[in-house]
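A.B. asks: If you scroll down you'll find the structure; I have some questions about it.
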């Protein structure tokens with residue numbers, strides 16, 4: 001059975017801190033790993049990673065994939081209160097294309 | 001504007017009363033799927049569809065039905081809802097590769 005585990009489950013930091021969110025997976029026929037941000041509504045796409053060792057970057061957010069060790073990290077530098085959200089990791093794999101398995105998410109709270 | 005729409009956004013119903021949650025996308029995406037989100041369990045896939053008339057079960061399909069008669073629409077049907085189907089439901093669409101676009105969610109309560 002495909003599995004995606006995120007850690008920590010919850011994180012509280014102050015503005016300006018740097019955070020690292022973790023995602024490990026066990027998936028057959030791995031195709032890609034995706035990160036989403038979910039505020040009080042639908043998840044919004046952040047990154048899609050398919051190759052090991054290539055960092056994806058968008059502003060203060062960055063992510064990297066290690067296909068050998070089966071994990072990914074999402075870094076957020078100089079956090080702001082607007083970064084408060086649930087961050088979801090999903091892995092595309094399994095028998096059918098586009099079958100996504102999600103982790104349970106990391107709840108990030110950034111205090112002023 | 002490219003979007004995925006769901007209706008209704010909120011629904012309170014009683015056990016056993018059939019309901020349908022509609023989902024529509026305007027991006028000509030082949031792939032559509034339904035998820036439910038419950039505290040501590042993350043998003044779990046209910047059903048997905050690779051194209052018109054092609055649907056398949058996800059991780060938690062029991063108690064749900066779907067249909068894909070047109071490319072843009074992918075309704076979720078609960079023939080006989082039960083309280084354990086109280087959840088937040090998301091529809092999503094995508095091309096066969098790349099990121100998924102999520103609808104705004106439907107919060108369903110079954111009494």
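Coordinate-derived values only; no laboratory data. No experiment lies behind these values; they were computed from the predicted model shown. So basically every Cβ, Gly included, is an ideal-geometry build from the backbone, and we count neighbours across all protein chains shown.
A.B. asks: Across the stretch B:88-105, what is the total count of residues that are within 16 Å of residue B:71 (Cα to Cα) and without any contact (Cβ under 8 Å) to a residue 24 or more places away in the chain?
C.D. replies: Total meeting the criteria: 0.
A.B. asks: Something else now. Considering only strands (runs of 3 or more DSSP E) fully contained in the stretch B:28-111, which possess at least 3 residues that are surrounded by 15 or more Cβ atoms within 10 Å (Cβ to Cβ), facing chain A (nearest Cβ under 10 Å) and under 13 Å from the mean Cα position of the chain (by Cα)?
C.D. replies: Counting at least 3 such residues, we get B:31-38, B:42-51, B:87-94.
A.B. asks: Can residue A:41 be described as under 27 Å from residue B:104 (Cβ atoms), within 12 Å of chain B (Cβ to nearest Cβ) and out of contact with any strand residue (DSSP E or B) (no Cβ under 6 Å at 6 or more places or on another chain)?
C.D. replies: Here the answer is yes, as residue A:41 does meet what is asked.
A.B. asks: While we're looking at this one, here's another question. If you go through the stretch A:19-77, how many residues are part of a strand (DSSP E or B) and without any contact (Cβ under 8 Å) to a residue 12 or more places away in the chain?
C.D. replies: Of the residues in that region, 4 qualify.
A.B. asks: Looking only at the stretch B:4-27, which residues are assigned to a loop (DSSP other than H, G, I, E, B) and under 20 Å from residue B:51 (Cβ atoms)?
C.D. replies: Hits for the stretch B:4-27 are B:26, B:27.
A.B. asks: Still on this structure, please answer the following. Would you confirm whether any residue within the stretch A:89-97 is surrounded by 19 or more Cβ atoms within 10 Å (Cβ to Cβ), within 25 Å of residue B:57 (Cα to Cα) and without any contact (Cβ under 8 Å) to a residue 24 or more places away in the chain?
C.D. replies: Looking through the stretch A:89-97, none of the residues is surrounded by 19 or more Cβ atoms within 10 Å (Cβ to Cβ), within 25 Å of residue B:57 (Cα to Cα) and without any contact (Cβ under 8 Å) to a residue 24 or more places away in the chain.
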